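The values are calculated or read from the model by the stated rules, or taken from the named source; none is laboratory data. Everything numeric here is computed off the predicted structure, so don't read it as measured data. Cβ placement follows ideal geometry from the backbone for every residue including glycine, while neighbour counts extend to all protein chains displayed.
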Amino acid sequence: MSLISFIIVAIIISFITYSFIKKFPVSQAIVIANFCIFIITLYNFQLQELAFRPSYLTSYKIYTIFTSMFLHGDFFHIFFNMMGLIFIGFPLENEIGAKKFLLIYIVSGFFATVTFSLVRGENTYLIGASGAIFGILGAFASAYPFKKVVVPLVAPLIFFIRLPVIFVALFYAFIEILYTQSGVTDGIAHTAHLGGFIAGVFLSPLVKIKIEEKEKRIDWDSIEKFLESEKQREIFEKAKNADEKELRDAWLSYLLKKIKCPKCGGEIKLRNGAVCSKCGYRK
């Protein structure tokens, strides 16, 4: 591999490793890594070196199944993929945690690529994160169908609406099925999208955390240790004593935006108790 290829691989590994060491959301680390790599590839880099081809399934270059997920052909390619990862990936990771999120992302991307290779058999180059992102969408819709997510719509200006994730998933799955059945050759691997989506659906039982179980794990004592004002304590009591889940979640979300890490000023997240999302500090 060329020096640039080694640098790209190092960026992928470094950002993912950093996210676990510093307790930084891995979905955000993937977005940043993708944009860093995209900027590098703008300078005459041959994408083929780390892109995947179906013939690589039986060669030592099978590792490109992984590296190809971090390559994008142009600005719109990476922009729309990262939009999907931000609006679907971020909330899912918040539900299931970084390790399980990364598992779904990587495995779905793998099956997306393999599905395209087996069904289409075209020895063309494949790049992009869309197969993995469709896997995230499939897993999210299967595990938490009525959880609402923000969806950007373009008609003709971009505006945002909140919809249950199952509606978003069914809409995009239907579109991909139509494209696949029509045989349209538009340069987009629709078969890979479906493969990733189906993989995500099948993976969801392995990583699903029941909402009831998650509710039981709210460590109110760890949250209380971060309170610094009477106003925060008032919000804390409203969240803790709320009769309805939706009301409790709303107050809890509002409270977490108000309290900050005393060590670095970072936001506080709930991951096996209250913890700083930036430096990992716990009280």
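Yes or no: the range 63-76 includes at least one residue that is in the same structural domain as Arg120 (by TED's automatic domain parsing), outside any loop (DSSP other than H, G, I, E, B) and farther than 16 Å from Phe6 by Cα.
For the range 63-76, residues in the same structural domain as Arg120 (by TED's automatic domain parsing), outside any loop (DSSP other than H, G, I, E, B) and farther than 16 Å from Phe6 by Cα: present.
Rundown of residues vs (1) surrounded by fewer than 24 Cβ atoms within 10 Å (Cβ to Cβ); (2) on the phi > 0 side of the Ramachandran plot; (3) under 14 Å from the mean Cα position of the chain (by Cα), yes/no style:
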| residue | (1), (2), (3) |
| --- | --- |
| Gly109 | no, no, yes |
| Phe116 | no, no, no |
| Thr124 | yes, no, no |
| Phe140 | no, no, yes |
| Phe146 | yes, no, no |
| Pro152 | yes, no, no |
| Gln181 | yes, no, no |
| Gly196 | no, no, yes |
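Looking only at residues that are part of a loop (DSSP other than H, G, I, E, B) and at pLDDT below 85 in the range 242-264, which one is nearest to Pro91 (Cα to Cα)? Write out each step before concluding.
We begin by selecting, within the range 242-264, every residue part of a loop (DSSP other than H, G, I, E, B); these are 242-244, 259, 261-264.
From the residues that got through so far, the ones that are at pLDDT below 85 too are 242-244.
Details: Ala242: 23, Asp243: 24, Glu244: 21 Å.
Ranking the qualifying residues of the range 242-264, first place goes to Glu244.
Got a sec? Which of Val168, Val149 is in a helix (DSSP H, G or I), over 21 Å from Leu57 (Cα atoms) and either modelled with pLDDT of 95 or more or of a type outside the set (Ser, Thr, Tyr) (or both)?
Val168
Of the numbered conditions (1) out of contact with any Phe, Trp or Tyr (no Cβ under 8 Å at 6 or more places or on another chain); (2) surrounded by fewer than 17 Cβ atoms within 10 Å (Cβ to Cβ); (3) free of Cβ contacts under 8 Å to residues at least 60 places away in the same chain, Met83 fails exactly one; give the number of that condition.
Unmet condition: (3).
Output the number of residues of the range 171-189 satisfying the condition of being assigned to a helix (DSSP H, G or I) and at pLDDT 80 or above. Step through it out loud before you land on a result.
Keep residues of the range 171-189 that are assigned to a helix (DSSP H, G or I), which gives 171-182.
Within this subset, residues satisfying the condition of being at pLDDT 80 or above are 171-178.
Qualifying residue count for the region: 8.
Given the options Ile30, Ile62, Ile12, name the one that is of a type outside the set (S, T, N, Q) and without any contact (Cβ under 8 Å) to a residue 40 or more places away in the chain. Give the derivation first.
On the way: Ile30 fails: without any contact (Cβ under 8 Å) to a residue 40 or more places away in the chain; Ile12 fails: without any contact (Cβ under 8 Å) to a residue 40 or more places away in the chain.
Matching residue, one of Ile30, Ile62, Ile12: Ile62.
Applying the selection to the range 236-269, what residues are over 25 Å from Lys22 (Cβ atoms) and under 30 Å from the mean Cα position of the chain (by Cα)?
Kept after step one, since they are over 25 Å from Lys22 (Cβ atoms), are these residues of the range 236-269: 236-251, 254.
Listed by number, the residues that qualify are Phe236, Ala239, Lys240, Glu244, Lys245, Glu246, Leu247, Arg248, Asp249, Ala250, Trp251, Tyr254.
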